[in-house]
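Computed from the coordinates by the stated procedures, all read-outs in this text should not be read as laboratory data. Since we're looking at a predicted model, the values are computed, not measured. For neighbour counting, all protein chains shown are included, and Cβ atoms are generated from backbone atoms with ideal geometry for every residue, glycine included.
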Amino acid sequence: MTTRPNVLFITTDHLRYDTLGYTGDPVIQTPAIDALAKKSVRFSKCFVQNPVCSPSRASFMTGRYTKSHGLKWNGTKLSEHEITMVEAFKDEGYTTAAVGKHGIGQQRFKTRVDHMDATGIRRGWKEDDVDYTVHDPNPFEQYVRDRGYEYKTGYALPNFRKNLGAVPSDLPEDCHIDSYVGMKSVEYLEGLETDDPFFLWVGFYGPHHPYVPSGRFADMYAADDMPDFERTEDDIDKKPPEYGLYFKAEDHKYKGFDQASDETFREMKAAYYGMVSQIDWQVGLIVEALEKKGMADNTIIVFLSDHGEFMGDHGIPAKAPFLLDCMLHIPCFIAVPGREAADCDALVETVDLFPTLAKMAGFDAPECVQGKDWGPLMTGEQSEVRDTVFAEAVDKRCIRTREWKYIHYPGKEYGELYNLVDDPHELDNLYDTEVEKREEMKQAFYAHMDATEDFMHPKYARFTDAHPTTGESVTHYMTW
């Protein structure tokens, strides 16, 4: 690429690593994503830093860990001090756009986006809402209404809780929320008239529950054809008490899910698969629009998810506040024009995307970014950039190597330890039986916590001078 590359940054919500064709799912049909992955560097061991939407998105947008940027759970906003990837590209002369879900509740971010569309369009009905009529339609709901239909979601859907959120839609395909995101993304690309490079974030809302595939995708998959769930009779009993208590939570969206039949779980999974395939179709249309515009040869395409999904594994539907691989392991690939496709099995984190894409665009990420550049991995100069990945979920933190995962419960006498070689689905908690390995991983965890502390916050005033004895550079902090 002789000029600065465009960036098409595609994210999904709740998409597990193992539910795509290219990652080995025997049932799912994702031809567009698979074709794009075939031309990409595919990161088979990519992990998010948080198992829920907003904290994870804040991490890959800032290149910083949750404990550093401070957005620890959904429903909170990113600090106005934090610098996002979109802002950095804007400052480098890029035209910026966000279509669909972004989840970055920061005013500073919004002011750095030149074009924003289809954001905040999934209505959040409450269970005790008496009237599910839309009286103040957002642009998407108005679009569906203009087509002669009425869009409903969440508790407004029939048997929403009983069906674990799986209520395939009888609306036309083009009235689906992710079809709308795809349509608005295509419209943006078709109307783009600028000499500046662009950074377009396309944020699909699915396959997040409710699982409402529509049109040909509504009944694309049969419950009986779904791959088996990863669960055992004593799985939850071996885990910390938080798991068992989660099954009893009165405020859970799918309260009573432990009583749901295997058939209900399979129908949920089939609807989820339909959502994935519906998104896949839209990815194909967006890539096609990029090609028709003549910009494909100078556009880097990134594809990833903000986190995974239990989807019935361990007997749990949807997402849950735990640090198992079904929640942390995500699909991620980068297609770079002119660069050979490859498989990369290095341990990587989504905080790495910011410095990686910045370097590809010809500039350095801010000093406060904690991720690592994947450039040496993509060119084959290095086979690894780290030997451990880190994630957290408010009251739980974990480190994961290739062979082991240690999940720390601060101030508690219990935790989780898994041998990922013998037990890749984390069904057998060895915390109480493999004491020597537990202590080894615990010490590694504390060391990793130190290594990932935030000493470079963008608002820290610092000065640097030489150590009086060794001459080494020492940085310290000002109070004014």
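The length gained on full extension between residue 420 and residue 461, counted as 0.36 nm times the residue separation minus their Cα-Cα distance, comes to 10.5 nm.
Label separation (residue 126 vs residue 450): 4.8 nm, computed from points 7 Å beyond Cα along the C-beta direction. For the residue pairs 255/396; 239/319; 72/319, the alpha carbons lie more than 19 Å apart in 255/396. For the chain, the cysteines with no partner cysteine C-beta closer than 4.7 Å are 53, 175, 326, 344, 368, 398.
For the listed residue pairs 253/459; 248/269; 101/126, the alpha carbons are over 27 angstrom apart in 253/459. The aspartates and glutamates within cross-link reach of residue 39, meaning a Cα-to-Cα straight distance under 12 Å and a gap of 8 or more places when in the same chain, are 340, 343. With no solvent and one point per C-alpha, what does the Debye sum give as log10 I(q)/I(0) for the range 6-386 at q = 0.14 Å⁻¹? Values, matching the q order: -1.28.
The charge dipole of the range 1-145, taken about the Cα centre with unit charges on the Cβ atoms of Lys, Arg (+1) and Asp, Glu (-1), comes to about 580 debye, rounded to the nearest 20. Projecting the Cα atoms of 311, 414, 151 onto the charge dipole of the chain, computed from C-beta unit charges around the Cα centre, puts 151 farthest toward the positive end.
Placing +1 on each Lys and Arg Cβ and -1 on each Asp and Glu Cβ, with no other charges, gives the range 6-386 a dipole about its Cα centre of roughly 680 debye.
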